[in-house]
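Engineer: First, the structure itself, so that you have it in front of you.
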Amino acid sequence: EGGTGQDGKPFYAGMSMSQTPDVSELLQGSLDLKDFRDKWVYYDEYDCYGLEYIVYCDNPADPVKECMNIYVPAAYMNADGTINEKGTVNGYTAATAPIIYQNGIGGYAEADASKISARNSDYIKQGYIFVSPASRGKETQSEDGTYIGKSPAGLVDLKAGIRFLKANDSEMAGDANKIISIGISAGGAMSALLASTGNAKNYEPYLREIGAVMDQGDDVYAAQAYCPITDLDHADQAYEWMYQNLQTYNNSRSGESGESTDFEKAVSAQMASGYVDYINSLKLVNTKTGEPLTLNEGGRSGSFYDYMVQEVEDAASVYLNKLSEGSLNVPYTLNDYLKGNYTKQSSGGKQGGDVKTEQGTDLTSFLSWDGSSAKITSLDDYLADYNPRMKSVMAFDNLEMNENSGENLEFGDETHQYLHFDSYMPDVLENLKADYPEEYAKYAEGYDAVIGDKALAERKKLLNPLNYIGSDSVDTAEHIRIRVGSQDGDTSLSTSAVLALSLENKTDVDVDYALVWDQPHGNADYDGELVQWIEKICK
Ligand code: DHB
């Protein structure tokens, strides 16, 4: 369940507890783990050794945000901090065990390294190494107030951490050729970026600046991306394409709700129409059928529209089949579930806040089930009844940008806390100028500044995996798994579909993409399936 942490950062039940270390707690001064052999601590509760707050680059912009925690199953280590080559767990040894690299990024914010806890100790039980990197983010400032964590800083930090692990492969248990990146939401976007921008030259100046290891690569073996908030260049268009017919919004996380104004509706229509052109420009192909995926004018027909409907139906079919087989750990029957005759508990938004009991949703208004497969009446019906609009118009590059506009903050620069970034908005405003002169006067100047801002164009380019997928000069992860909740209104469902299709169409890597029914924005998955996937690709 999503929510907001005490410090205003997104919080997920699956995320681990973390805190910013004191500078005195940092292990720094060397990028060679040999120099820290006496610093490993044994954690009895989890039967692992941990090395906490080791700084992964030589010239950190902010060392408390450029460090990582490393936890190794005890079987792979000796008490003196050296590797025990003989130890085995679940068929793995210190030489073969995969390294889970799970970033803690939410909302494009800075992240702390997580400690080993009941929430992530399953990795240790499976015989995996668990690494939790800290990273800079949209709000990170140096002492003089300069913003030092704007795009691409968070990604650069994660890449520096990968390089550090590769440089220490022979000193540390775990196989640095088997690094598996995991992240949720903005962290899922980062995971997709690590998977698709491996060793790309564009990031090298940034890596050099923080003193990252430069004689190692930053490609990963595999990546899991949960609910990635990505392709920010087209996120507003995508959102308005998906929610074009739903103009009431309700954001339980921020408490904002309301109805789009006429101006916002006009912007929405323009953005949705732009998305039709964008999708058609991508020339995507359904890899199973060979069919080109396109949208017709209006966005509510065409093979791409059908494809998205099919993805929603597939997600429902998987869930309903599991439910009828009795393999879901839920207290309701199939019939009661379909009719919404059950209650479920959900987090009240704020961490530690009220847990609400909610009535189940009657799915029969838009979904039919024939005993083996589900059909929905339309994308709009499914959205209206089950996955409604959460964000108001200009969901990402907000009209009224302020210190709460996540993506505007991410695309700020050293001296600007936040900036506009949507390249399509200047044309949209121009088109609406005659009908909405007041709004034009209010917004055009701000958005117009996007055009011609080369530094901004660079920050955007470096944060979009679609700019790198299929390029000859990157090393793409061999396995990429994408999972998105069917009740995720944080971004358009089409965004992750396009990410998956681009990977399938332009690379030969193994892509496993699905929507997961009944899951909100977060680590949308069925119990155990992440580990099953890791076992499949590592054994
Ligand atoms: C996250 C959620 C958002 O709605 C968004 O726009 C960016 C990031 C997140 O949960 O990380």
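The values are calculated or read from the model by the stated rules, or taken from the named source; none is laboratory data. Keep in mind the model is a prediction, meaning the values are calculated, not measured. Please note: Cβ atoms are built from the backbone with ideal geometry, for glycine as well, and neighbour counts cover all protein chains shown. Ligands, DNA and RNA are stripped out before the accessible areas are found, and what is left, the full protein with its side chains, is counted by its heavy atoms. Shrake-Rupley method; radii C 1.70, N 1.55, O 1.52, S 1.80 Å.
Engineer: Distance between Cα centroids, segment 92-139 to segment 419-457: provide it in whole Å.
Structural biologist: 40
Engineer: V309 versus D381, label points 7 Å from Cα toward the beta carbon: distance in nm?
Structural biologist: In this crude label model, V309 to D381 measures out at 1.0 nm.
Engineer: Among R253, R300, R389, what's the order by accessible area (1.4 angstrom probe), most exposed first?
Structural biologist: R253, R300, R389
Engineer: Next question, about the same structure. With every protein chain kept in the model, how would you rank H479, H416 by accessible area, 1.4 Å probe, largest at the top?
Structural biologist: H416, H479
Engineer: Also, quick follow-up: Could you order D314, D44 by accessible surface area, starting with the largest, using a probe radius of 1.4 Å?
Structural biologist: Result of the area sort, largest leading: D44, D314.
Engineer: Right, here's the next one. Pairs of alpha-carbon atoms within less than 8 angstrom and 6+ residues apart define the contacts here; what relative contact order does segment 381-492 have, in percent?
Structural biologist: Result for segment 381-492 is 24 percent.
Engineer: Tell me, what is the percent relative contact order of segment 360-410, built from C-alpha pairs under 8 Å that lie six or more residues apart?
Structural biologist: Relative CO of segment 360-410 lands at 22 percent.
Engineer: Still on this structure: Using the heavy atoms of the protein chains and a 1.4 angstrom probe, tell me the accessible area per residue for the chain in square angstrom.
Structural biologist: Per residue, the chain has 40 Å² of solvent-accessible surface.
Engineer: Which of the peptides 185-191, 288-294 is most tightly packed, and how do the rest follow, judged by the mean count of other Cβ atoms within 10 Å per residue?
Structural biologist: 185-191, 288-294
Engineer: May I pose another question? Please turn the phi angles of segment 51-60 into ³J(HN,Hα) values with the Karplus equation 6.51 cos²θ - 1.76 cosθ + 1.60 (θ = phi - 60°), one per residue in order, whole Hz, x for glycine and proline.
Structural biologist: Residue by residue, segment 51-60 yields 10, 10, 6, 8, 6, 9, 9, 7, 10, x Hz.
Engineer: A follow-up question, please. Can you give me the long-range amide H partners of Q141? Hydrogens built in the peptide plane at 1.01 Å from N, cutoff under 5 Å, separation of 5 or more residues or another chain.
Structural biologist: HN-HN under 5 Å from Q141: I148.
Engineer: Could you order peptides 57-65, 92-100 by the average number of other Cβ atoms within 10 Å of their residues, highest first?
Structural biologist: 92-100, 57-65
Engineer: Going toward the positive end of the dipole of the chain, with +1 on Lys and Arg Cβ and -1 on Asp and Glu Cβ, which of S268, Y436, W533 do you reach last?
Structural biologist: W533
Engineer: Ignoring ligands, DNA and RNA, what percent of the accessible area of the chain is carbon or sulfur (1.4 Å)?
Structural biologist: With neighbouring chains kept in place, the figure for the chain is 44 percent.
Engineer: Suppose the chain between D277 and K506 were pulled fully straight at 0.36 nm per residue; how much longer would it get relative to their current alpha carbon spacing?
Structural biologist: Contour length minus Cα-Cα distance gives 80.5 nm.
Engineer: Continuing with this model, one more query. Peptides 147-159, 73-85, 25-37: what's the order by average Cβ count within 10 Å, highest mean first?
Structural biologist: 147-159, 73-85, 25-37
Engineer: If you filter segment 281-314 for GluC sites (Glu not before Pro), then keep DSSP loop positions with at most 14 other Cβ within 10 Å, what is left?
Structural biologist: Counting only loop positions with at most 14 other Cβ atoms within 10 Å, the GluC sites (Glu not before Pro) in segment 281-314 are E297.
Engineer: Got a sec? Charge dipole of segment 115-186, +1 on Cβ for Lys and Arg, -1 for Asp and Glu; which of Y128, A167, I116 is way out at the positive end?
Structural biologist: Most positive-ward Cα: Y128.
Engineer: Given the protein chains as shown and a 1.4 Å probe, how many square angstrom of V89 are accessible, to the nearest 10?
Structural biologist: Roll a 1.4 Å probe over it and V89 shows about 30 Å².
Engineer: Under 5 Å between amide hydrogens, which residues at least 5 positions from Q224 or on another chain qualify, with H placed 1.01 Å from N in the peptide plane?
Structural biologist: Those qualifying (amide H under 5 Å, at least 5 residues apart or on another chain) are S181, I182, G183, R481.
Engineer: Now for a different question. Taking the Cα centre of segment 171-223 as origin, sum charge times position over the Cβ atoms of Lys and Arg (+1) and Asp and Glu (-1), and report the length of that vector in debye to the nearest 20.
Structural biologist: The calculation lands at about 180 debye.
Engineer: May I pose another question? Counting only the heavy atoms of the protein chains, how much of F263 is accessible to a 1.4 Å probe, in Å² to the nearest 10?
Structural biologist: Here the accessible area works out near 10 Å².
Engineer: Given the whole protein assembly as supplied and a 1.4 Å probe, what does the accessible area of I179 come to in Å², nearest 10?
Structural biologist: Its heavy atoms expose roughly 0 Å² to the probe.
Engineer: Here's a follow-up. Give a residue-ordered list of calculated ³J(HN,Hα) values for segment 117-133 (Karplus: 6.51 cos²θ - 1.76 cosθ + 1.60, θ = phi - 60°; whole Hz; x for Gly, Pro).
Structural biologist: Working through the residues one at a time gives 7, 4, 6, 10, 6, 4, 4, 5, 4, 6, x, 8, 7, 10, 10, 10, x Hz.
Engineer: Cα to Cα, under 26 Å, and not fewer than 8 places away if on the same chain: which lysines meet these conditions relative to K39?
Structural biologist: K65, K86, K115, K125, K159, K166, K178
Engineer: Which value, in debye to the nearest 20, describes the size of the charge dipole of segment 241-329 about its Cα centre when Lys and Arg Cβ atoms bear +1, Asp and Glu Cβ atoms bear -1, and nothing else is charged?
Structural biologist: Around 180 debye, computed over segment 241-329.
Engineer: With r defined as the distance between the Cβ atoms of E358 and L334 and R0 fixed at 22 Å, what FRET efficiency is calculated, to the nearest 0.05?
Structural biologist: Between E358 and L334 the formula returns 0.70.
Engineer: Run a plain Debye calculation on segment 438-539 (Cα atoms as equal point scatterers, no solvent) and give log10 I(q)/I(0) at q = 0.13, 0.21, 0.25 Å⁻¹, rounded to two decimals, same order as the q list.
Structural biologist: -0.68, -1.14, -1.27
Engineer: Here is a follow-up. Antiparallel versus total DSSP beta bridges in the chain: what percent is that, nearest 5?
Structural biologist: So the antiparallel bridges in the chain amount to around 55 percent.
Engineer: Using amide H atoms built in the peptide plane, which far-off residues or other-chain residues are under 5 Å from M77 H to H?
Structural biologist: So M77 has HN proximity to N84.
Engineer: Follow-up. Given the Cα-Cα distance of S254 and K536 and 0.36 nm per residue of separation, how much length would full extension add, in nm?
Structural biologist: Net length gain for the segment: 97.6 nm.
Engineer: How large is the charge dipole for the chain, taken about the Cα centre, if only the Cβ atoms of Lys, Arg (+1) and Asp, Glu (-1) carry charge, to the nearest 20 debye?
Structural biologist: 1020
Engineer: Mind checking which of G446, V474, P520 is farthest towards the positive end of segment 422-531's charge dipole, using Cβ charges of +1 (Lys, Arg) and -1 (Asp, Glu) about the Cα centre?
Structural biologist: Towards the positive end, the residue furthest out is G446.
Engineer: Sequence gap at least 6, Cα distance under 8 Å: using those rules, report the relative contact order of the chain to the nearest whole percent.
Structural biologist: Contact order relative to length: 16 percent.
Engineer: Also: Any chance you could run the full-extension gain for S142 through D262? It's 0.36 nm times the residue separation minus the Cα-Cα distance, nm to one decimal.
Structural biologist: 39.0 nm
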